[in-house]
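Worksheet: the structure to be examined is printed underneath.
The values are calculated or read from the model by the stated rules, or taken from the named source; none is laboratory data. All of these numbers come straight from a predicted model, not from anything done at the bench. So basically every Cβ, Gly included, is an ideal-geometry build from the backbone, and we count neighbours across all protein chains shown. Only protein heavy atoms, including side chains, enter the accessible area calculation; ligands, DNA and RNA are left aside. Shrake-Rupley method; radii C 1.70, N 1.55, O 1.52, S 1.80 Å.
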Amino acid sequence: MATIDIRGVSKLFRDSKRNVDVAALTDVDLTVRRNEFICLLGPSGCGKSTLLNMIAGFETPTSGEVLVDGQAVAGPGSDRGVVFQQANLMPWLPVWENVAFHLKLRGGLKAVRREQAQRYIDLVGLTGFENHYPSELSGGMNQRVGIARALLMNPGVILMDEPFGALDEQTRMDMQTELIRIWERHQGTIVFVTHGVDEALTLGTHVAVMSARPGRIAEIIQIDLPRPRDVTGPRFNEMKRHILHLLRPGRVAAA
Ligand SMILES: Nc1ncnc2c1ncn2[C@@H]1O[C@H](COP(=O)(O)OP(=O)(O)OP(=O)(O)O)[C@@H](O)[C@H]1O
């Protein structure tokens, strides 16, 4: 069974200032199978975040349906962890309490929270920083805390909206390597929104290339390159050329 099934989904937003409807997505079909890592790639405003937010349960489709493990998404749930561009940590809580935040909301005992947090702190490579506060960490380290927090509920699906978008190039590349390591160890299905063709090709088992507004899926490409991926290799560049061609405005508008 597919983990995520998006069937004929369209989304209209009401622009009340201009009194018009904005079509963010039109007739999107997408199937993501268990343990796949799919990157949503497309120009600004093509509806990547809207699609992700519908899987997360923050938005509802105007028509069509979004299923996770065969169940229609009715709202946010602990089966889906979300990581945004900003980690949105609680600055007054140390790393471990941030990581175990959802357990605290559920009334988990301190000793249990601490032990669970440690597992995920170790997994994301932050051992030794358990009692640091977010302001004492770098941007990349804060994102690791956000990832650990999302993983702690052991969700089958992880939804990531440009999680490395605010990081410098070197840190971003390090985090990409780390994320692949974590995904290989932790398993789970990942949907990852990005603007970066290189990032999508470095990370994904699949890349869904979306067209400009109203957003549609132009093509889903399986990336069967071995890991770690060589961003200068001939096959990588061949795929990149193909994706750049798909993203060219004239080509995509006609798709
Ligand atoms: N809450 C909202 N109300 C009105 N319009 C919205 C709302 N959310 C998104 N939109 C519009 O829907 C379209 C798709 O937005 P979305 O943020 O999903 O695109 P995106 O591909 O993620 O963009 P970016 O890459 O710039 O983050 C845009 O035209 C946006 O202005």
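Assorted remarks:
- Ranking ARG248, ARG80, ARG235, ARG241 from most to least accessible surface, computed with a 1.4 Å probe over the protein chains only, gives ARG241, ARG248, ARG235, ARG80.
- With all protein chains in place and ligands, DNA and RNA left out, the 1.4 Å accessible area ranks LYS11, LYS104 as LYS104, LYS11, largest first.
- Diffusion coefficient, µm² s⁻¹, Stokes-Einstein with Kirkwood Rh over alpha-carbon pairs of the stretch 112-238 at 4 °C and 1.567 mPa s: 81
- The figure for LEU12 is an accessible area of roughly 80 square angstrom, using a 1.4 Å probe on the protein chains alone.
- Value of D in µm² per second that Stokes-Einstein yields for the stretch 32-179, Kirkwood Rh from Cα pairs, at 25 °C (0.890 mPa s): 151
- Rounded to the nearest 500, the 222 nm mean residue ellipticity of the chain from helices alone is -10500 deg cm²/dmol, with -39,500 (n - 2.57) taken per DSSP H run of at least 4 residues.
- The accessible-area ordering, largest first, of the residues SER135, SER63 stands as SER135, SER63, per a 1.4 angstrom probe.
- Percent breakdown of C-alpha pair distances by 10 Å bin, ordered from the shortest bin, for the stretch 1-55: 21, 49, 23, 7, 1
- Accessible area per residue for the stretch 80-154, computed on protein heavy atoms with a 1.4 Å probe, is 49 Å².
- Rh (Kirkwood; distinct C-alpha pairs) - the stretch 80-154, Å: 11.9
- Mean shadow area of the chain, taken as a quarter of the surface of its Cα convex hull (nm²): 14.9
- Formal net charge of residues neighbouring ASP15 (Cβ-Cβ distance under 15 Å; K, R +1; D, E -1): +4
- Nearest 10 degrees, 0 to 90: helix 169-186 Cα axis against the chain principal axis: 80
- For MET210, solvent-accessible area (1.4 Å; no DNA, RNA or ligand), Å²: 0
- Measure of compaction for the stretch 184-226 (Cα Rg per 2.2 N^0.38 Å): 1.26
- For the stretch 15-68, trypsin sites (Lys or Arg not before Pro) are listed when DSSP marks them as loop and at most 12 other Cβ atoms sit within 10 Å of their Cβ; the list is LYS17, ARG18.
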